[in-house]
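Below is one structure; the comments refer to it alone.
The values are calculated or read from the model by the stated rules, or taken from the named source; none is laboratory data. Keep in mind that this is a model prediction, so the values were computed, not measured. Please note: Cβ atoms are built from the backbone with ideal geometry, for glycine as well, and neighbour counts cover all protein chains shown.
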């Protein structure tokens, strides 16, 4: 394994942390100049109380809204501006295996400590929160977020448990969340069964006919990355007349940082909504 050390920092001032792709990363005991390249993890850093320590973020780091205009932007998640990162001289970069470009992250690893998350399951997300808390010396705050999701799984009052769902993320072509990603984990936490299969892929494309053939109990239209609106509910109802179709908050299904704190209440309200649809 490669051990990446902060530039010009005595060993006594650093600690080794294993990231979620198995690398040992040497980070400062107290990082003071953090760049986050992942929106959900940027929000986590702020919720851990690190407003001053975050010195850079991406164009898509929209939460908290008031911080977006106050912090330097280093490009998008897939097209990080390396020169902007260099100008900020970070002592820690937080990245993600899926959301960031591999070649860019590997280039940054040669210069800076880069801790990479790899989120496919809810447990991965909760462990990421805990590990980031350890890195930035905010374990107590991270544990509070970590434990906020306890007790939701296998809710005995969950009346939609076992019903099938299709979670759409794009239109023209229709694209959905498959069953090998974080969104699927959140659907499972609600007690729902993703109607897609592994052989369909992580984010499969579907025709109108395929959606009709799947005939799920529910179709969720996510608010991101495609901004589904009420008019799309009517469009899907024509394709799949027997399904219950609702607009859902995509951030609460796909953001795997501190936004998890808000997911439980939202899911409980969504379950009530689904039960009320005739």
(Q) Between 201, 250, which is in contact with a helix residue (DSSP H, G or I) (Cβ under 9 Å, 6 or more places away or on another chain) and within 30 Å of residue 41 (Cβ to Cβ)? (A) 250
Q: Keeping to the stretch 130-139, report how many residues are in contact with a helix residue (DSSP H, G or I) (Cβ under 6 Å, 6 or more places away or on another chain) and not in a helix (DSSP H, G or I).
A: 0
Q) If residue 261 satisfies every condition in (1) in contact with a helix residue (DSSP H, G or I) (Cβ under 7 Å, 6 or more places away or on another chain); (2) without any contact (Cβ under 8 Å) to a residue 60 or more places away in the chain; (3) in a helix (DSSP H, G or I) but one, which is the exception? A) (2)
Q) Filter the stretch 204-219 for residues that are in contact with a helix residue (DSSP H, G or I) (Cβ under 8 Å, 6 or more places away or on another chain) and assigned to a strand (DSSP E or B); which is farthest from residue 121 (Cα to Cα)? A) 206
Q: Answer with yes or no whether residue 127 is assigned to a helix (DSSP H, G or I), more than 15 Å from residue 255 (Cα to Cα) and in contact (Cβ under 8 Å) with a residue 24 or more places away in the chain.
A: no
Q. Out of the residues in the stretch 161-184 that are part of a strand (DSSP E or B) and in contact with a helix residue (DSSP H, G or I) (Cβ under 7 Å, 6 or more places away or on another chain), which is nearest to residue 255 (Cα to Cα)?
A. 167
Q) Can residue 78 be described as loosely packed, with under 15 Cβ neighbours inside 10 Å, out of contact with any strand residue (DSSP E or B) (no Cβ under 9 Å at 6 or more places or on another chain) and more than 17 Å from residue 19 (Cα to Cα)? A) yes
(Q) Looking only at the stretch 38-67, count every residue that is in a helix (DSSP H, G or I) and either surrounded by fewer than 14 Cβ atoms within 10 Å (Cβ to Cβ) or within 18 Å of the chain's Cα centre (by Cα) (or both) and tell me the total. (A) 11
Q.
Please determine whether any residue of the stretch 176-198 is farther than 20 Å from residue 122 by Cβ, touching a residue at least 24 places away in the same chain (Cβ under 8 Å), in contact with a strand residue (DSSP E or B) (Cβ under 6 Å, 6 or more places away or on another chain) and not assigned by TED's automatic domain parsing to the domain that holds residue 48.
A. no
Q.
Tell me yes or no: at least one residue of the stretch 146-167 is in contact with a strand residue (DSSP E or B) (Cβ under 7 Å, 6 or more places away or on another chain), at pLDDT 95 or above and under 22 Å from residue 39 (Cα atoms).
A. yes
Q) Pairs, please: C-beta under 7 Å, at least 6 apart or cross-chain, first residue assigned by TED's automatic domain parsing to the domain that holds residue 168 and in the stretch 229-243, second modelled with pLDDT under 95 and surrounded by 14 or more Cβ atoms within 10 Å (Cβ to Cβ)? A) none
